[in-house]
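Novice: I have a structure I would like to understand better, so I am pasting it below and will then ask my questions one at a time.
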Amino acid sequence: MNKIIKKAVLNREVTMFRIDAPLIAKKGKPGQFIILRIDETGERIPLTIADTDAKAGLVTIIFQIVGKTTDQLSKLEEGDFLLDFAGPLGVASELDGIKSACVIGGGLGVAIAYPQAKALYNLGAKVDVIAGFRNKDLVILEAEFEKASTNFYITTDDGSQGYKGFVSNKLAELLKDGKTYDTVIAIGPVPMMKAVADITRDPYIKTIISMNSIMLDGTGMCGACRLTVDGETKFACVDGPDFDGHKVNFAEAMRRGSMYKAEEKESMDKHICRLTGGVR
């Protein structure tokens, strides 16, 4: 069992935990994830490692309340325990040799992009970060990115903070203004990552995207995270989650990501009914 040492509500949808997990904290690298289970009746869910503190033995996870399990998880407090907390899993991001990068996060993908930006910045790379949110009330990790980037740009869909528009629009603007990067890293909703990859296809800029959003069991056994990369079948949880954004079949990935929407809604509806006694 692993203890929740620190809890912080980052906005109305997103919560951060720091978990006592010394072995994972020692080995975890940017791009990798853990599998957790709240209790014996809970489902197993994958969550990306947002940060590690090897000295303190702590692993940071940041999650959005999108379904039954994340809702239950958000109600835990400091001092509570998770039954299972396994990792690190997945292939770590390949960051060596990158000299100039644009790290892009959309929505919760901002939290997942943070360890890549931080690691690159600490390696001495020039790091521009574009973090996109629906509005200013959902902005997270602003102070952290300011410390881990050369330039930090916030975008909001409604223009309530920073640049008005999508992260892909901001990237296109920076490139038009003469910015150059040897690598672009994009993490977030699949349509956003596709838009970024389309922009960097010509002229070519190496573009890495994370397919963590379609993962389920984290072992490759369920097949939910199967995708096609350069014509070959891959599994996001064991072959990734990082892939070449110019080689991923995004149309297939988007179809797969929406396969279980009805079941997810039914599970959440039943969970709410149990909590409220049938009153919504």
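The values are calculated or read from the model by the stated rules, or taken from the named source; none is laboratory data. If you're wondering where the values come from, they're calculated on a predicted model, not measured in any experiment. All Cβ positions, glycine included, derive from the backbone under ideal geometry; neighbour counts span all protein chains shown. Accessible surface is based on the protein model in full, side chains and every heavy atom, while ligands, DNA and RNA are left aside. Shrake-Rupley method; radii C 1.70, N 1.55, O 1.52, S 1.80 Å.
Novice: Only one of (1) farther than 26 Å from PRO191 by Cβ; (2) in contact (Cβ under 8 Å) with a residue 60 or more places away in the chain fails for ARG37. Which number is that?
Specialist: (2)
Novice: Which one of LEU123, LEU47, LEU108, LEU82 is crowded, with 19+ Cβ neighbours inside 10 Å, more than 22 Å from ALA236 (Cβ to Cβ) and of a type outside the set (Val, Ile, Thr)?
Specialist: Numbers: LEU123 fails: crowded, with 19+ Cβ neighbours inside 10 Å; LEU47 fails: more than 22 Å from ALA236 (Cβ to Cβ); LEU108 fails: more than 22 Å from ALA236 (Cβ to Cβ).
That would be LEU82, the only listed residue that is crowded, with 19+ Cβ neighbours inside 10 Å, more than 22 Å from ALA236 (Cβ to Cβ) and of a type outside the set (Val, Ile, Thr).
Novice: OK, next. Please go through the range 152-191 and give me each residue that is within 25 Å of ALA50 (Cα to Cα) and among the basic types (Lys, Arg), ordered by number.
Specialist: Of everything in the range 152-191, just one residue is within 25 Å of ALA50 (Cα to Cα) and among the basic types (Lys, Arg), namely LYS170.
Novice: Considering only the range 18-48, how many residues are touching a Leu at 6+ places or on another chain (Cβ under 9 Å), over 14 Å from LEU83 (Cβ atoms) and of a type in the set (A, V, I, L, M, F, W, C)?
Specialist: Residues meeting the conditions: 3.
A quick yes/no check of all residues on (1) closer than 23 Å to ILE140 by Cβ; (2) in contact with a His (Cβ under 8 Å, 6 or more places away or on another chain):
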{"site": "LYS7", "(1), (2)": "yes, no"}
{"site": "LEU23", "(1), (2)": "no, no"}
{"site": "LYS27", "(1), (2)": "no, no"}
{"site": "LYS68", "(1), (2)": "yes, yes"}
{"site": "ASP71", "(1), (2)": "yes, yes"}
{"site": "GLY90", "(1), (2)": "yes, no"}
{"site": "VAL103", "(1), (2)": "yes, no"}
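Novice: Separate question: Where in the range 77-194 are the helices (runs of 4 or more DSSP H), entirely inside, with at least 1 residues that are of a type outside the set (Lys, Arg) and either closer than 17 Å to GLY245 by Cβ or in contact with a Leu (Cβ under 7 Å, 6 or more places away or on another chain) (or both)? Can you show your working first?
Specialist: Details: elements: 109-122, 142-147, 167-176.
Here the list reads 109-122, 167-176.
Novice: Within the range 1-22, how many residues turn out to be touching an Asp or Glu at 6+ places or on another chain (Cβ under 6 Å), of a type in the set (Val, Ile, Thr) and within 16 Å of GLN72 (Cβ to Cβ)?
Specialist: Total meeting the criteria: 1.
Novice: Mind telling me which of the residues ASP182, ASP217, ASP230 ends up being under 21 Å from GLY87 (Cβ atoms) and either out of contact with any helix residue (DSSP H, G or I) (no Cβ under 7 Å at 6 or more places or on another chain) or at pLDDT below 95 (or both)? So that I can check it myself, show each step before the final result.
Specialist: Working: ASP182 fails: under 21 Å from GLY87 (Cβ atoms); ASP230 fails: under 21 Å from GLY87 (Cβ atoms).
Result of the check over ASP182, ASP217, ASP230: ASP217.
Novice: What are the residues in the range 152-167 that are within 19 Å of THR200 (Cα to Cα) and in contact with an Asp or Glu (Cβ under 8 Å, 6 or more places away or on another chain), if any?
Specialist: Those that are within 19 Å of THR200 (Cα to Cα) and in contact with an Asp or Glu (Cβ under 8 Å, 6 or more places away or on another chain): TYR153, GLY165, PHE166.
Novice: Okay, moving on. Restricting the search to the range 195-216, which residues are surrounded by fewer than 19 Cβ atoms within 10 Å (Cβ to Cβ), in a helix (DSSP H, G or I) and touching a strand residue (DSSP E or B) at 6+ places or on another chain (Cβ under 7 Å)?
Specialist: Those that are surrounded by fewer than 19 Cβ atoms within 10 Å (Cβ to Cβ), in a helix (DSSP H, G or I) and touching a strand residue (DSSP E or B) at 6+ places or on another chain (Cβ under 7 Å): none in the range 195-216.
Novice: Are there any pairs, at least 6 apart or on different chains, whose C-beta atoms fall under 9 Å, with the first in the range 178-199 and without any contact (Cβ under 8 Å) to a residue 24 or more places away in the chain and the second part of a helix (DSSP H, G or I) and open to solvent by less than 10 Å² (accessible area, probe 1.4 Å), and if so, which?
Specialist: none
Novice: Next up: Looking only at the range 126-152, how many residues end up being under 23 Å from MET211 (Cα atoms) and open to solvent by 20 Å² or more (accessible area, probe 1.4 Å)?
Specialist: Of the residues in the range 126-152, 3 are under 23 Å from MET211 (Cα atoms) and open to solvent by 20 Å² or more (accessible area, probe 1.4 Å).
Novice: So, one more: In this structure, is THR155 among the β-branched types (Val, Ile, Thr), within 27 Å of ASN122 (Cβ to Cβ) and open to solvent by 30 Å² or more (accessible area, probe 1.4 Å)?
Specialist: Values: among the β-branched types (Val, Ile, Thr): yes; within 27 Å of ASN122 (Cβ to Cβ): yes; open to solvent by 30 Å² or more (accessible area, probe 1.4 Å): no.
No.
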